[in-house]
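Structure record follows, encoded as structure tokens.
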Amino acid sequence: MVSAGGRPVLVAGGVGIDTVVHVPALPLAPADSIHVPPVCDYVAHTGNGVALGLLALGHHPVLIDFVGDDPQAQLTHARYRERGLPFDYLVHPSGTRRSVNLVAPDGRRTSLYDGRHPDTLRMPRSFYLAHMQASEHVHLSIMPWAAALFDDAAALGLPVSTDLHDWDGANPHHLGFARRADLVFLSAAALGEGVFDAMRAILREGRARLVVATAGAAGSHVLERGQERIRHTACARLDGPVVDSNGAGDAFSSAFLHAWFEGATVDECMRTGAIGGAFACRFQGTAERSLGLDELARYRAGSGLQEAR
């Protein structure tokens, strides 16, 4: 069970800025100019969403990453001071990672990702090890440098989760994360009909206890080690409209992890994750609002949930 003070978690990588553009439809029709609502910049990306989600649920995440010495980094530092999220970082001359996210009226999105940091970049062990030693769980974003943290997590006996959010089932970069993590989250968006084969391959070839695949409005799926059946969890239908799906997968992961730390059943973890993901879709931007404990308790009790159709 989670102690009264929450769980200390190291979240490695996944900090950047999302420029969110609300467009009339996806895919965009060819045009020289399209008028859109105000374009906004948000502190974002996958590690950011998981860390802020865990923080809002009473845990003690520490987020580490590379950023630039640029206006985007200043936005990041200001946000984390505001939210009270511990952030330890190294400055890289290429700058802070960015994305331009096109969001359709139904909340679907297409992300144009500017990773900019070289694949050869590595984080010094002396920088991250003390943070890892003070943690009880490690969540690794799929930054190339984060793969090196698996060895130290294993030596310390720490469980590791990861999110293969944009995996197509073939990109070899994701395989090391898929095969070495204890909990694997992924998105069905790029996998399509191959998502179930990918889930089975991760358990067959790796060490994961379970694999979770999120599929947006179609819900989510889980496969546990030692079981044959892939179980489905419906998307949570909360009060309020879907306005923006940015950050929904990260919110799912943080809510799932919260329930996992509580010692909940896998099905309850999936239901909690679904609530987290649906909650994120009710707000503009990426991790601008994170699900809190009181809100989670209300949704778990059924208040604010709509009948699934």
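The values are calculated or read from the model by the stated rules, or taken from the named source; none is laboratory data. Given the structure is predicted, the values throughout are model-derived calculations rather than measurements. So basically every Cβ, Gly included, is an ideal-geometry build from the backbone, and we count neighbours across all protein chains shown. Each accessible area value is taken on the protein alone, full model and side chains, heavy atoms only, with ligands, DNA and RNA left out. Shrake-Rupley method; radii C 1.70, N 1.55, O 1.52, S 1.80 Å.
Projecting the Cα atoms of Gln74, Gly53, Pro38 onto the charge dipole of region 1-125 (Cβ charges, centred on the Cα centre) puts Gly53 farthest toward the positive pole. A simple rule links phi to the HN-Hα coupling: the Karplus curve 6.51 cos²θ - 1.76 cosθ + 1.60 with θ = phi - 60°, which for region 99-108 gives 9, 10, 10, 8, 10, 7, x, 8, x, 5 Hz, with x for Gly and Pro.
Sorting Arg271, Arg125, Arg7 by accessible area puts them as Arg125, Arg271, Arg7; the probe is 1.4 Å, largest comes first, and only protein heavy atoms count.
Considering only protein heavy atoms and a probe of 1.4 Å, how much of the accessible area of region 68-181 is carbon and sulfur, as a whole percent?
53
Sparse packing (at most 12 other Cβ atoms within 10 Å of the Cβ) combined with a DSSP loop state is found for the following GluC sites (Glu not before Pro) in region 235-309: Glu307.
Rounded to the nearest 20, the Cβ-based charge dipole of region 15-161 about its Cα centre (Lys and Arg +1, Asp and Glu -1) stands at 100 debye.
With viscosity set to 1.567 mPa s and temperature to 4 °C, compute the Stokes-Einstein D of region 1-104, Rh being the Kirkwood radius across alpha carbon pairs; µm²/s, no decimals.
Numbers: Rh = 15.2 Å.
Answer from the Stokes-Einstein relation: 85 µm²/s.
Beta-bridge orientation, the chain: approximately 40 percent antiparallel, per DSSP, counting only bridges with both partners inside. Carbon-plus-sulfur accessible fraction, region 185-309 (probe radius 1.4 Å, protein heavy atoms only): 49%.
Taking the chain as a Gaussian network of alpha-carbon nodes connected by springs under 10 Å, the highest mean-square fluctuation of the residues Leu63, Leu183, Leu129 belongs to Leu129. Percent of Cα-Cα pairs more than 17 Å apart in region 187-294, please. Tail fraction, whole percent: 52. Count Lys and Arg as plus one, Asp and Glu as minus one, and take only other residues whose Cβ is under 10 Å from that of Leu102; the net charge is then +2. Residues Asp88, Asp70, Asp197, sorted by accessible area with the largest first, give Asp197, Asp88, Asp70 [1.4 Å probe; ligands and nucleic acids excluded].
Taking only the Cα atoms of the chain, the radius of gyration and Dmax are 18.3, 56 Å. With K and R counted +1 and D and E -1, the other residues having a Cβ less than 10 Å from that of Val50 yield a net charge of -2. Averaged over its residues, the chain has an accessible area of 44 Å² per residue, based on protein heavy atoms and a 1.4 Å probe.
When the Gaussian network model of the chain links Cα atoms closer than 10 Å, the mean-square fluctuations of Leu52, Leu223, Leu28 top out at Leu28.
Leaving ligands, DNA and RNA out of it, rank Ser99, Ser94, Ser126 by accessible area with a 1.4 Å probe, largest first. Each step should come with its number before you reach the end.
Values: Ser99 5, Ser94 40, Ser126 105 Å².
Order by accessible area, largest first: Ser126, Ser94, Ser99.
For the chain, the dipole from Cβ point charges (+1 on Lys and Arg, -1 on Asp and Glu) about the Cα centre works out to 440 debye, to the nearest 20.
Determine the calculated [θ] at 222 nm for the chain from helices alone, applying -39500 (n - 2.57) to every DSSP H run no shorter than 4 residues and normalising by the residue count; nearest 500 deg cm²/dmol.
Mean residue ellipticity, 222 nm, calculated: -9000 deg cm²/dmol.
Seen from Arg300, the other residues with C-beta closer than 15 Å to its C-beta sum to a net charge of -3, counting Lys and Arg as +1 and Asp and Glu as -1.
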